[in-house]
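Peer 1: This is the structure I want to talk about, given as structure tokens.
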Amino acid sequence: MRIAQRAQRVEPFYVMELAKAAAEMAAQGGPDQRPMIYLNIGEPDFTAPPLVQAAAERAIQNGRSQYTPANGLPALRRAISGWYASRFGLDVDPARIVVTAGASAALQLACLALIESGDEVLMPDPCYPCNRQFVQAAEGRAVLIPCGPEQRFQLSADQVQTAWRAATRGVLLASPSNPTGTSIARDELQRIARLVRERGGVTLVDEIYLGLSYEEDYGHSALGLPDGLGEEVISINSFSKYFNMTGWRLGWLVLPPALVPVVERLAQNLFICASTIAQHAALACFEPESLAEYERRRTEFKARKDFFIPELNRLGLSVPVMPDGAFYAWADVRGLCERWGIPPTGAQPDQGGSWALAFELMQRCQIATTPGRDFGQAEPGRYLRFSTANSMAQLHEAVQRLEQAL
């Protein structure tokens, strides 16, 4: 069978490959083996709060499961607009909001609407792997630009200016970022967006962790950039992380007005609409009781981060930049690899470095993590991602196991 070249260009999602390996290892363990602690997948251990679950049940019981408009329930678009107003002080027209089947569908729609074959999109290295695969699937090319800890693992305007060339279509950023949990400083984001505007490009910003921001200096949506820049930004968001609805597959886009009918036409053909039940349930996310619960959970996520990352640093798994959002620790593991006799990553990315260390941690400590191979090409063996979206009890146990192994 002949496989399309576009499919062959899309790399595996190694986060999920490691998750399968961890599950297999856990299943093969004997009765005396400790249970696996999963710090690998970026999925909140919280589920949708009671009002959201009840809203889904009512929608099913009342038979409210027919197709919605391709852009989403009007009431949900208004509710999202209201959240931007109350949380960020932004006036976002509901007509600019398109509800999608998760942030993945949002990115796919945006890439298909904007990227031609051969177009290049500038992205930081490290970055979330699926983002660049959406660019690849749209026949574009993701251009990864190494971004080290000295710049919070985020692109700078100077880098964008230097890398821009005739084939460049725009930039795809993430703030806060997966895997680093760091955000772009507002003034730097403004400089990037202005530079992109001057070159006739597009600025896409993955803001799916925006609700999980912990510092006043960050946690500002790109939609609020001055001089009309915010109205030109394409923002991708999701109900998965802050709203704890991962498997419900619901997200949204905020688009410049001229792009809305284009994306709507694509969505009609590719998805018809996002899950109707999930949309009705998501309306309850914006009830005061639900929002209060989400804020309580955000405080818990911050407490986990504030406990776990200093412990990693104490144990020699250095996290060079303290995250200001999300629930990740991007740890430099060169010291531990050297201590355990693991060679640096060689010509093959699945040999040595953080890739080999991830399997060692599963074997020695029964802790599942995610190696840097997924997130970039510059230093794939140097970093390991820990997810702190697990309970505080599990994080304490993970620290004890690491300490014993070290």
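The values are calculated or read from the model by the stated rules, or taken from the named source; none is laboratory data. A quick note: this is a predicted structure, and the numbers were derived from the prediction, not measured. All Cβ positions, even for glycine, are placed from backbone atoms using ideal geometry, and neighbour counts span all protein chains on display. Note: areas computed on protein heavy atoms with side chains; ligands, DNA, RNA excluded. Shrake-Rupley method; radii C 1.70, N 1.55, O 1.52, S 1.80 Å.
Peer 1: Suppose a student asked you for the relative contact order of the range 38-106, using Cα pairs under 8 Å spaced at least 6 residues apart; what percent would you report?
Peer 2: Values: 30 pairs, mean separation 17.7, N = 69.
RCO, the range 38-106: 26 percent.
Peer 1: According to a simple spin-label model (label point 7 Å from Cα along Cα-to-Cβ), what is the distance in nm between GLU116 and GLU289?
Peer 2: Taking the simple label geometry, GLU289 and GLU116 are separated by 5.4 nm.
Peer 1: Here's another thing I want to ask about it. How much accessible area per residue does the chain have, counting only protein heavy atoms and a probe of 1.4 Å, in square angstrom?
Peer 2: 42 Å²
Peer 1: To the nearest 10 square angstrom, how much accessible area does TRP83 have with a 1.4 angstrom probe?
Peer 2: Surface accessible to solvent at TRP83 totals approximately 10 Å².
Peer 1: State the antiparallel share, in %, of DSSP beta bridges confined to the range 169-267, rounding to the nearest 5.
Peer 2: Bridges in the range 169-267 are about 35 percent antiparallel.
Peer 1: In nm, what is the difference between 0.36 nm times the number of residues separating ILE272 and ASP158 and their Cα-Cα distance?
Peer 2: My answer for the length gained is 37.0 nm.
Peer 1: Let me ask something else. Within 10 Å of each candidate Cβ there may be at most 11 other Cβ atoms; applying that plus a DSSP loop requirement, which trypsin sites (Lys or Arg not before Pro) in the range 163-205 survive?
Peer 2: ARG165
Peer 1: What are the residues whose amide H is under 5 Å from the amide H of VAL143, where those residues sit 5 or more places off or on another chain and H is modelled from the backbone?
Peer 2: Answer set, sorted by chain and number: VAL121, LEU122, MET123.
Peer 1: Report relative contact order for the chain in percent, whole number only (criteria: Cα-Cα under 8 Å, sequence separation at least 6).
Peer 2: Relative contact order comes out at 23 percent.
Peer 1: Among GLY353, GLY341, GLY211, which one shows the biggest mean-square fluctuation in a GNM of the chain, springs joining Cα atoms closer than 10 Å?
Peer 2: Result: GLY341 has the largest fluctuation of those listed.
Peer 1: Only helical DSSP H runs with n ≥ 4 go in: add -39500 (n - 2.57) per run for the chain, normalise by residue count and round the 222 nm mean residue ellipticity to 500 deg cm²/dmol. Don't skip to the end; give the middle numbers.
Peer 2: Numbers: 15 runs with 166 residues, N = 406.
The helix contribution divided over the chain gives -12500 deg cm²/dmol.
Peer 1: Could you give me the percent of Cα pairs per 5 Å distance bin for the range 76-230, shortest bin first, beginning at zero and ending with the bin that holds the maximum distance?
Peer 2: Computed distribution, short to long bins: 2, 9, 19, 22, 23, 16, 8, 2, 0.
Peer 1: Mean separation of Cα pairs under 8 Å and 6+ residues apart, divided by the residue count of the range 65-145: what relative contact order is that in percent?
Peer 2: Once normalised by length, the contact order is 24 percent.
Peer 1: Return the Rg/Rh value of the range 16-120, two decimal places, where both radii are evaluated on C-alpha atoms and Rh is the Kirkwood radius.
Peer 2: Ratio of gyration radius to Kirkwood radius for the range 16-120: 1.11.
Peer 1: What nm value, rounded to one decimal, do you get for the distance between PHE13 and GLU150 when each label is placed 7 Å out toward the C-beta?
Peer 2: Between PHE13 and GLU150, the simple spin-label model gives 3.5 nm.
Peer 1: Mind listing the phi-derived Karplus ³J(HN,Hα) values for the range 104-113, rounded to whole Hz, using 6.51, -1.76 and 1.60 with θ = phi - 60°, and x for any glycine or proline?
Peer 2: Calculated HN-Hα couplings, in order: 4, 5, 4, 5, 4, 5, 5, 5, 5, 6 Hz.
Peer 1: Quick one: which residues, 5+ away or cross-chain, put their amide H under 5 Å from the amide H of THR100? H built at 1.01 Å from N.
Peer 2: Under 5 Å from the amide H of THR100: GLY251, TRP252, LEU253.
Peer 1: Ok, one more. Give a residue-ordered list of calculated ³J(HN,Hα) values for the range 143-149 (Karplus: 6.51 cos²θ - 1.76 cosθ + 1.60, θ = phi - 60°; whole Hz; x for Gly, Pro).
Peer 2: After applying 6.51 cos²θ - 1.76 cosθ + 1.60, I find 9, 8, 10, x, 10, x, x Hz.
Peer 1: Between ASP332, ASP45, ASP119, find the one with the highest GNM mean-square fluctuation for the chain; connect C-alpha pairs within less than 10 Å.
Peer 2: ASP45
Peer 1: Using the alpha carbon gyration tensor of the chain, what are the three equivalent-ellipsoid semi-axes (square root of 5 times each eigenvalue), largest first, in whole Å?
Peer 2: 33, 26, 21
Peer 1: What's the percent breakdown of Cα-Cα distances in the range 116-165 across 5 Å bins, shortest bin first?
Peer 2: 5, 22, 28, 23, 16, 5, 1
Peer 1: How large is the charge dipole for the chain, taken about the Cα centre, if only the Cβ atoms of Lys, Arg (+1) and Asp, Glu (-1) carry charge, to the nearest 20 debye? Present the calculation step by step, with values, prior to reporting the outcome.
Peer 2: Values: 38 positive and 44 negative charges, 139 e Å.
Computed charge dipole of the chain: roughly 660 debye.
Peer 1: Still on this structure: I want to verify a result. In a Gaussian network model of the chain, Cα cutoff 10 Å, which of these has the top mean-square fluctuation: PRO176, PRO12, PRO44?
Peer 2: Between PRO176, PRO12, PRO44, it is PRO12 that shows the largest mean-square fluctuation.
Peer 1: For ASP227 and GLU300 in one chain, what is 0.36 nm times their gap in residues minus the Cα-Cα distance, to one decimal in nm? Please report the intermediate quantities before stating the final value.
Peer 2: Details: separation 73, 0.36 × 73 = 26.28 nm, distance 3.62 nm.
Value of the extension gain: 22.7 nm.
Peer 1: Of all alpha-carbon pairs in the range 182-301, indicate the percentage at a distance above 19 angstrom. Let's see the in-between values first.
Peer 2: Details: 4014 of 7140 pairs.
The proportion of pairs with Cα distances above 19 Å equals 56 percent.
Peer 1: If each of GLN66 and THR47 carries a label point 7 Å out from its Cα toward its Cβ, how far apart are those two points in nm?
Peer 2: It works out to 3.0 nm between the two label points.
Peer 1: Same structure again: Would you pull out the residues with amide H under 5 Å of VAL202's amide H, same chain only if 5 or more places away, H placed 1.01 Å from N?
Peer 2: Hits under the 5 Å cutoff: GLY170, VAL171.
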